[in-house]
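Encoded as structure tokens, the structure appears first; notes follow it.
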Amino acid sequence: MFEIWEGLKAAFWLVVSFDAELWEISLRSLQVTLTALVIASTIAIPLGTYLALQRFRYRRLVISMINALMGLPPVVVGLMVYILLSRSGPFGVLNLLFTPTAMIIAQVLIITPVIASIAHQSMRELWAEYHDLLISLNTTKRQRIITLMWDGRRNLLTAALAGFGRAIGEVGAIMIVGGNIDHATRVLTTAIALETGKGDFALALGLGFVLIGIAILVNIAIHTLSQTEREGRW
């Protein structure tokens, strides 16, 4: 209880004192995570919708692979990205290792299967409801995908938020490809790991409470902007 209380006080003091380092780390965390979320959602949501309505030979295999990749260990993703971006790797010439870009790439690889799988499940149920209507209207595949994505946008928002939650709390892959470099690639999760290793549990808890607060605020902001609480939608 003492450590928790000290952590709460540390978090409160860091926030009210407008600690420059905390704000820098927090903004970097949001920048990396939100960028990865936008990229992953752009890939995963249309993919999940397409898999829900289109039938092709290896469809079940693709769906099974996406579901399996949901459980891919983040440290393995971090190792793969590290090898690809290292100087001896195929993309080493780009000099992306230990940069926020490398962290974004790792997060995109981690959360894309999560968003795609949840989107597919949601769109499959919606497609079963809309199937006869859209077929009778002689719509194109593109029109069907856009219609399903629009009508199922709140379910897709849930999928995106699941990806955000997975990304904002990631530490293993981020530590490997980012290096936890001060004023460069240090984010809240890696800062927490660093302070825990140093034995400063109060500050680590404080940073943890700040991380939880940011996640809650982002979720509330997204739900408010999308008006999911109006008319009993949420």
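Loop only by DSSP, 16 or fewer other Cβ within 10 Å of the Cβ. Give me the chymotrypsin sites (Phe, Trp or Tyr not before Pro) in the range 6-65 that pass, ordered by residue number.
Answer in residue order: F18, F56, Y58.
Rounded, prolate or oblate: which one fits the range 41-148, using the alpha carbon gyration tensor with axes a ≥ b ≥ c (rounded when a/c is under 1.5, else prolate when a/b beats b/c, else oblate)? Cα axes put the range 41-148 in the prolate bin.
Indicate the helices, whole DSSP H runs only, in the chain that combine a mean Kyte-Doolittle hydropathy of 0.0 or more with a Cα extent along their long axis of 24 angstrom or more.
On the way: long enough: 20-53 (49 Å, 1.22); 100-136 (48 Å, 0.82); 201-225 (36 Å, 2.32).
TM-like helix candidates: 20-53, 100-136, 201-225.
Within the accessible area of the chain, what % is carbon and sulfur when the probe is 1.4 Å and the other protein chains stay in place? Taking all protein chains in place, the chain shows 67 percent carbon and sulfur surface. With a simple spin-label model that places each label point 7 Å from the Cα along the Cα-to-Cβ direction, the separation between R153 and V62 comes to 2.5 nm. Heavy-atom accessible surface of the range 1-156, averaged per residue, reaches 60 Å², computed with a 1.4 Å probe.
The values are calculated or read from the model by the stated rules, or taken from the named source; none is laboratory data. Everything numeric here is computed off the predicted structure, so don't read it as measured data. As a convention, Cβ positions derive from the backbone with ideal geometry for all residues, glycine included, and neighbour counts pool all protein chains shown. Remember, those area values only see protein heavy atoms, side chains included, never the ligands or the DNA or RNA. Shrake-Rupley method; radii C 1.70, N 1.55, O 1.52, S 1.80 Å.
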